[in-house]
Amino acid sequence: MNDLDIFFVKNEIKVGQEKHVQVKIPIYYSSLDEAFFHYFLTFHDKNSSYHFLLNPSTWTPESLSFNFFAGYENVVFSILSFHRFIELFIKDILKRINPFLAVKFIEKEEELFKFLDNNISPDEVKTVEYSEAYKRFKQAYRHYDRSSDVYNTILKDFEFLIERENSESLRYLTDWRNRIMHNGQNMPNVFAYDYLISQRIIPIVFQIIEADSKKLEGYKPYYFKTKTGINIIEEINNLKIDYKDFSSNDPQKNFFNNYLKLGHLKELGRASMKNNYWDRKNLSYFESNYKNPIGRYERFAQAEKVSNYYYNLKNCPCCGEKTLLVYKEAFFNIIENKDDNIKWVKCYCCDYFIKDNVDDPLELRLSEYPLFDEIPEKTSLDWYLSELRSLSQQHFDIGLKLFSGHIYAIDLIVSSVLKRSVSLIDGFCTFIEKKNFICAAPMVRMQIDNAIRLYGTSLVENPNEVVIKILEGFPLSKIEDRNNRKKLTDQYLIDNLSKVFPWIKRV
């Protein structure tokens, strides 16, 4: 070795070796992180024009290549990284069987004698290329009997990797990887790429992580799941897209919905990855002395309200913080000859960003509320009134369950309470909207009366018998509490109910 060779040998990091870097999770999982980082960006790159992909008239190879070439570095790097992850994972399985299974046959005389004398480490020998590693991996299943320790302790959980469909998927991934690395002029277009990764590679990755759970000790990349609980990779894994639909003038009816959802899941993944472990704990990694960084994001969002494009402020479907700005720009639509507008959202905490050309995530069940519709802020009177009115449906749902089985006397009281409550809510909201507080205020007291009457029936010995008495005209105030024999007067019921709802006494 010359001096430069010696310099590089001395300055080599040996991951996992003593006195060097020790890692709990295998280092090749960093390649998986890199793969998903670039994969998620492939929607962000095409957000503004993504809706054109839902129009079959644009599905010519030339159009797809020309209009959706931007950001192709992310396609390239994600394919290379997914392939590197798979390659290193398979070599790791070979090393678990025997450390020398993943290396090339020793040809150098010096290394050969070291090997014979047991003086050489597998880490000192170059590993085989991916194709050879995969051949050895498949051969291991032919070589080791199903009753052997090697099969039952190592190979058994990963047999899915040699199944025909998965083997074919890995071949396609390898082919594209080789064409990118060795040719450089060819790469999959947006359809081929999305099909390959979402339908063939992510399912394999999903299986690998599940099968390797013992070694990972329950670890899963944090970004697989948003802070709000959306299981991104699981959702993608469950999406079914047929490659034939990409070349059909009449795709299956669920194709457009699934392909649209795939784009939304990519953006959620990008934002979830940016919403890292530290942000989720409301800590700042690079500014350790800065307390409450989420508070800073909230102030950024509040400051944006002065923007001419400001439309609304909402909770983000990815990070859950109230840092999602809805923007709106009005313009004249020349094609349709009418006034129009465009809306988009941006989160100042996790950077979640979409435009309204890809529909609202609510339609895809990726948000609990609409992002683009005109929803009042939660501090406004309109919002409180809309929340009150939304309770009417809950009343009807309870009533439906009430009469779906056997009917008892108590059900008649509950039914009348529900009916009266719906009427009071509607009347209260109507008077408030008309600014008629004098008429609205008594309805609050009437609703409390409604509540305490129903509450009173829960305190008696036999509710059904009491209900019959009430229906016959016997006053509730003369009936006793089963626990202390006190009369169920209005004051007694309010005192007891206020222990659960303290605001009742104030009202």
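Residues checked against (1) farther than 27 Å from residue 191 by Cβ; (2) at pLDDT 90 or above; (3) assigned to a helix (DSSP H, G or I):
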residue	(1), (2), (3)
207	no, yes, yes
214	yes, no, yes
227	yes, yes, no
237	no, yes, yes
246	no, no, yes
252	no, no, no
269	no, yes, yes
Condition set among the hydrophobic types (A, V, I, L, M, F, W, C) and closer than 18 Å to residue 346 by Cβ, scope region 275-315, selection surrounded by the fewest Cβ atoms within 10 Å (Cβ to Cβ): answer is 306
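Please enumerate the residues belonging to region 13-44 that are surrounded by 10 or more Cβ atoms within 10 Å (Cβ to Cβ) and more than 30 Å from residue 261 (Cα to Cα). First the steps, then the outcome.
As a first pass, look at region 13-44 and keep what is surrounded by 10 or more Cβ atoms within 10 Å (Cβ to Cβ): 14-17, 20-21, 23, 25-44.
Residues satisfying the conditions are 14, 15, 16, 17, 20, 21, 23, 25, 26, 27.
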Of the conditions (1) aromatic (Phe, Trp, Tyr); (2) surrounded by fewer than 18 Cβ atoms within 10 Å (Cβ to Cβ); (3) in a strand (DSSP E or B); (4) touching a helix residue (DSSP H, G or I) at 6+ places or on another chain (Cβ under 9 Å), the single one that residue 331 does not satisfy is (4)
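Answer yes or no: is there a residue in region 426-439 that is among the polar types (S, T, N, Q) and not in a helix (DSSP H, G or I).
yes
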Requested in this report: Answer yes or no as to whether residue 448 is at pLDDT 85 or above and either among the β-branched types (Val, Ile, Thr) or part of a helix (DSSP H, G or I) (or both).
Outcome: yes
Here the residues within region 216-225 that are part of a helix (DSSP H, G or I) and in contact (Cβ under 8 Å) with a residue 60 or more places away in the chain are 216, 223
Here the residues within region 85-142 that are part of a loop (DSSP other than H, G, I, E, B), modelled with pLDDT under 85 and within 20 Å of residue 31 (Cβ to Cβ) are 126
Per the filter on region 399-431, residues more than 19 Å from residue 449 (Cβ to Cβ) and surrounded by 12 or more Cβ atoms within 10 Å (Cβ to Cβ) are 399, 402, 408, 409, 411, 430
Residue set 391, 418; condition part of a helix (DSSP H, G or I) and under 36 Å from the mean Cα position of the chain (by Cα); output residue 391
When residue 491 is run through (1) farther than 30 Å from residue 382 by Cα; (2) at pLDDT below 85; (3) not charged (D, E, K, R), the failure sits at (2)
Of those in region 254-267 that are in a helix (DSSP H, G or I) and of a type outside the set (A, V, I, L, M, F, W, C), the residue nearest to residue 347 (Cα to Cα) is 267
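Residue-by-condition table, conditions (1) under 18 Å from the mean Cα position of the chain (by Cα); (2) under 24 Å from residue 50 (Cα atoms):
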| site | (1), (2) |
| --- | --- |
| 274 | yes, yes |
| 301 | no, no |
| 306 | no, no |
| 313 | no, no |
| 318 | yes, yes |
| 325 | no, yes |
| 328 | no, yes |
| 369 | yes, yes |
* Asked: Just a yes or no: is a residue in region 395-405 assigned to a helix (DSSP H, G or I) and aromatic (Phe, Trp, Tyr)?
  -> yes
Would you check if residue 343 is assigned to a loop (DSSP other than H, G, I, E, B) and touching an Asp or Glu at 6+ places or on another chain (Cβ under 7 Å)? no
In this structure, is residue 251 closer than 25 Å to residue 39 by Cα, in contact with a Ser or Thr (Cβ under 7 Å, 6 or more places away or on another chain) and touching a residue at least 24 places away in the same chain (Cβ under 8 Å)? no
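Conditions (1) at pLDDT 75 or above; (2) more than 19 Å from residue 229 (Cα to Cα), marked per residue:
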{"site": "314", "(1), (2)": "yes, no"}
{"site": "317", "(1), (2)": "yes, no"}
{"site": "324", "(1), (2)": "yes, no"}
{"site": "328", "(1), (2)": "yes, yes"}
{"site": "337", "(1), (2)": "yes, yes"}
{"site": "346", "(1), (2)": "yes, yes"}
{"site": "355", "(1), (2)": "yes, yes"}
{"site": "383", "(1), (2)": "no, yes"}
{"site": "393", "(1), (2)": "no, yes"}
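The values are calculated or read from the model by the stated rules, or taken from the named source; none is laboratory data. All values derive from a computational prediction rather than experimental measurement. Cβ coordinates were reconstructed from backbone atoms using ideal geometry, including for glycine residues, and neighbour counts include every protein chain displayed.
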